[in-house]
Amino acid sequence: MAVRTIEWRGGELLLIDQRRLPRKEVYRVCRNYRQVAQAIRTMVVRGAPAIGVTAAMGVVLGARRVRSRKAMEPAMERVFRTLAETRPTAVNLHWALARMRQTYEEHRDGDLELLKQRLEEAALAMYEEDITANRRLGSLGAGLLKGSRRILTHCNAGALATAGYGTALGVIRAMKESGAAIEEVFVDETRPFLQGARLTAWELCKEDIPTTLITDNMMGYVMQQNRVDAVVVGADRVAANGDVANKIGTYTVAVLAREHGVPFYVACPTSTVDLTCPSGAHIPIEQRSEDEVTHIAGSRIAPHGVKTLNPAFDVTDHSLVSAIITEKAVVTAPYEKNLREVCEG
C-alpha cells in the first residue's frame, strides 16, 4: 500500500484524512493529544486497529508536553481520559490505552525523560505488531478462502483501518499475493459514511484487484444470483461468546449470507476480542450525528424536520459467523471456549 494511514515522524503524528478520500490525499499533522482525540472523534482516522495505534501515539504526545514530575500525574490522567472518551465501540482503543497505562505505571517513578522514551517505544511497538498481526491473519485467511473467487466485503477493513495491510482486505491482499485467481470483489457502499464506496473501492483499485461497487440494498441480489462465494468483514469488537460488533449493515450481510448458504467470515486481530464482554448485548453502540444520514457530501438529501436514527455499528450473533480469522488461528465454534484458548494462549 503506497499510502500510509499512520506515520510517526520527528515527534509528530501524521494521519491521512480519510474524510477527503478518494478525491484528495490530504495529511493532517497532530502535535498534541487533543488534536489526536479530535482526529479520532471526527473520523479523520477510523477502523478499530488504527484508532488503537493512533490513541497510543496520542499518549506519547501528551507525555511530551509534561515539563515536571509534579505536573505529570494530573496531566497524564487528562490525556488518558480524553482519548478514552473519543469513541465507545471499538475495543482496540481501550486495549491500546491499557497497554500504554501499564508502561506509564511501570516507569512513572523514574526519570521523566526515560518515561517519555518508554511510552514512545511502546506505541511504536504496537504499530509494528499490528502490521505483523494483519499479515499473519491475512495468510491464514487466504488459506481458509482458497477456492473462493468471488468475495463480498462490507465497510473498510483495509490498510486505512489499521496500521497497515488490513484485516478483511488483508485476507484479500494475501490471496492475491499467493496467486489466487480473484474474479470479483463486491464492495458494499456502506451508508451513511460510505467507507466502502470511498475507501475500500479506492484501496482495491490501487492494488489492481477486480472490484465491483454495489449499493447496500443490492447485497441480497448478488447472493441470490449465486455471484458470491464468501463474505469477509472486519470487526470493532468481538465479545467472549463470538458476537461481533462491526459497521452498521454487517448484521444484514450475515443474515443474507446464512439464507443463501454463503460462508460469513470475520477477520480481526486478537486485540479486537474482548473477553471481559460476555455477549454483544453488552457492547456499547455509538450513535452519530443526524447530518451523516440527512446529507451526502455536504448536500442535504432529506427534508428539514425529519427524525433520524444513526447507530454506527450493529451486532452479528455468533451463530451467523462461520469462523473468526485472527493472527494466531482460525477460530470456529464453540467460540466462548475457543476464543479464550486462542487469546490467552
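Looking at residue 163 and the list (1) of a type in the set (A, V, I, L, M); (2) at pLDDT 95 or above; (3) part of a loop (DSSP other than H, G, I, E, B); (4) closer than 17 Å to residue 47 by Cβ, which single condition is not satisfied?
Single failed check for residue 163: (2).
Within the group 54, 82, which residue is in a helix (DSSP H, G or I), within 23 Å of residue 173 (Cβ to Cβ) and either in contact with a strand residue (DSSP E or B) (Cβ under 7 Å, 6 or more places away or on another chain) or not aliphatic (A, V, I, L, M) (or both)?
54
Whether any residue in region 48-56 is small (Gly, Ala, Ser), crowded, with 17+ Cβ neighbours inside 10 Å and farther than 22 Å from residue 155 by Cα is what I want to check.
yes
Take region 57-79 and flag every residue that is outside any helix (DSSP H, G or I) and surrounded by 18 or more Cβ atoms within 10 Å (Cβ to Cβ).
66 - this is the single residue of region 57-79 that is outside any helix (DSSP H, G or I) and surrounded by 18 or more Cβ atoms within 10 Å (Cβ to Cβ).
What residue, among those in region 162-179 that are more than 15 Å from residue 4 (Cβ to Cβ), of a type in the set (Gly, Ala, Ser) and out of contact with any Phe, Trp or Tyr (no Cβ under 9 Å at 6 or more places or on another chain), is surrounded by the fewest Cβ atoms within 10 Å (Cβ to Cβ)?
179
Filter region 99-140 down to the residues that are farther than 22 Å from residue 176 by Cα, aliphatic (A, V, I, L, M) and under 24 Å from the mean Cα position of the chain (by Cα) and list them by number.
100, 119, 122, 123, 124, 125, 126
Kindly establish whether residue 132 is in a loop (DSSP other than H, G, I, E, B), closer than 18 Å to residue 270 by Cβ and not hydrophobic (A, V, I, L, M, F, W, C).
So residue 132 fails the test.
Report yes if residue 4 is surrounded by fewer than 22 Cβ atoms within 10 Å (Cβ to Cβ), within 15 Å of residue 124 (Cβ to Cβ) and under 16 Å from the mean Cα position of the chain (by Cα), otherwise no.
Answer is yes for this residue.
Among the listed residues 70, 146, identify the single one that is in the same structural domain as residue 329 (by TED's automatic domain parsing) and out of contact with any strand residue (DSSP E or B) (no Cβ under 6 Å at 6 or more places or on another chain).
146
In region 186-234, how many are part of a loop (DSSP other than H, G, I, E, B), out of contact with any Leu (no Cβ under 6 Å at 6 or more places or on another chain) and over 29 Å from residue 300 (Cβ atoms)?
9
Do any residues in region 162-184 that are free of Cβ contacts under 8 Å to residues at least 12 places away in the same chain have Cβ atoms under 7 Å from those of residues that are buried (at least 24 other Cβ atoms within 10 Å of the Cβ), where the two are at least six apart or on different chains, and which pairs are they?
Qualifying pairs under 7 Å: none.
The values are calculated or read from the model by the stated rules, or taken from the named source; none is laboratory data. The structure displayed is predicted, hence computed values, not measured ones. Cβ coordinates were reconstructed from backbone atoms using ideal geometry, including for glycine residues, and neighbour counts include every protein chain displayed.
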